[in-house]
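Beneath this line is the structure, given in structure tokens, with notes to follow.
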Amino acid sequence: MWQRPPAAFSPWPWAICCDKMDLITLAIVSFLYILPAYIANSSAALFGGGIPLDLGRKLGKHRILGDGKTFRGLALGVLFGTVAGNVIGYALIGTEFSLGSIWFYTVLGFLLSSGAMAGDLIKSFFKRRLGYKRGQMLPIIDQLDFVIGAIALGSLAYIPPLETVIFLIIITPLIHLFLNVAGYLLRLKSVPW
Ligand code: CTP
Ligand code: MG
């Protein structure tokens, strides 16, 4: 079971609260925890498409969710995220980072990836209500929807340390920006955002 190191152990100077955690440890612990949600979100984007979840229906003037939310994206996102949780469990079992059994990690992977997909759907629902078109940018919210959904639903199985939540909320939009700029420089994307 991973435990907080004692205060004398490389405390990070800008410690948010009272508990100190070395920044590298914080990054490792945080990414290992959220990985199923990252995988769910990227799998939906990579392999999604086809029949939309709202079946093309509208609520008032706008689509309920839009063509960007599909059955295939949802199903493959949850599937790959759950498999990721299971694999992480196998990798961590018996190490100092382990939090529980394989079952714990598989269930956590399922909750994190379902929460990621739900957060994304809820965001799209509200984007449509506000009149934003499918794919129209809503900075920060577009990048954090899945992380917040994942942490919320994942909390049924495991509540992460506050440092992890803050770290992920700061780092996720930066990773997103970095990947988009890299994709633009590699000519995989037409715009750098
Ligand atoms: N995707 C999917 N099914 C989901 C979630 C995502 O098929 N449940 C795919 C869609 O092809 C979508 C892409 O992943 O276009 C990127 O997802 P996202 O950025 O969340 O959707 P947007 O197209 O930007 O739509 P929205 O404006 O509703 O966020
Ligand atoms: Mg989008």
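The values are calculated or read from the model by the stated rules, or taken from the named source; none is laboratory data. No experiment lies behind these values; they were computed from the predicted model shown. No Cβ is skipped: glycine too gets one built from the backbone with ideal geometry, and neighbour counts run over all protein chains shown. The area values use the complete protein model at the heavy-atom level, side chains included, leaving out ligands, DNA and RNA. Shrake-Rupley method; radii C 1.70, N 1.55, O 1.52, S 1.80 Å.
Could you check the simple spin-label distance between Ile170 and Lys58, using points 7 Å along Cα→Cβ, in nm with one decimal?
Inter-label distance under the simple model: 4.5 nm.
Determine the share of the chain's accessible area contributed by carbon and sulfur atoms, expressed in whole percent, with a 1.4 angstrom probe.
Working: 7840 of 10880 Å².
Roughly 72 percent of what the probe reaches on the chain is carbon or sulfur.
When the Cα centres of region 38-57 and region 91-153 are compared, how far apart do they sit, in Å?
Each part's Cα centre sits 14 Å from the other's.
At most 14 other Cβ atoms within 10 Å and a DSSP loop assignment: could you name the trypsin sites (Lys or Arg not before Pro) in region 49-78 that fit?
Values: sites: Arg57, Lys58, Lys61, Arg63, Lys69, Arg72; in loops: Arg57, Lys61, Lys69.
When the trypsin sites (Lys or Arg not before Pro) of region 49-78 are filtered for loop state and at most 14 Cβ neighbours within 10 Å, Arg57, Lys61 remain.
With an 8 Å cut-off on Cα pairs and a minimum separation of 6 or more residues, tell me the relative contact order of region 55-193 in percent. The partial results should precede the final answer.
Working: 151 pairs, mean separation 29.6, N = 139.
Reported as a whole number, the value is 21 percent.
Counting only pairs 8 or more places apart or on different chains, how many lysine pairs in the chain have C-alpha atoms closer than 26 Å?
16
What residue among Ile151, Ile169, Met137 has its Cα farthest toward the positive end of the dipole of the chain, where the charges are +1 on Lys, Arg and -1 on Asp, Glu, each on the Cβ?
Toward the positive end, the furthest listed residue is Met137.
Within the P(r) computed for the chain, what percentage of the Cα pairs occupies the region above 26 Å?
38
How much length is gained if the chain between Val181 and Leu156 is pulled fully straight, taking 0.36 nm per residue apart and subtracting their Cα-Cα distance, in nm to one decimal?
On the way: separation 25, 0.36 × 25 = 9.00 nm, distance 3.54 nm.
Length gained, Val181 through Leu156: 5.5 nm.
Could you sort the peptides 168-174, 34-40, 102-108, 124-130 by per-residue average Cβ neighbour count (10 Å cutoff), highest mean leading? Before the final figure, lay out the partial values.
Working: 168-174: 15.7, 34-40: 26.6, 102-108: 19.0, 124-130: 17.3.
Sorting 168-174, 34-40, 102-108, 124-130 by mean packing, highest first, produces 34-40, 102-108, 124-130, 168-174.
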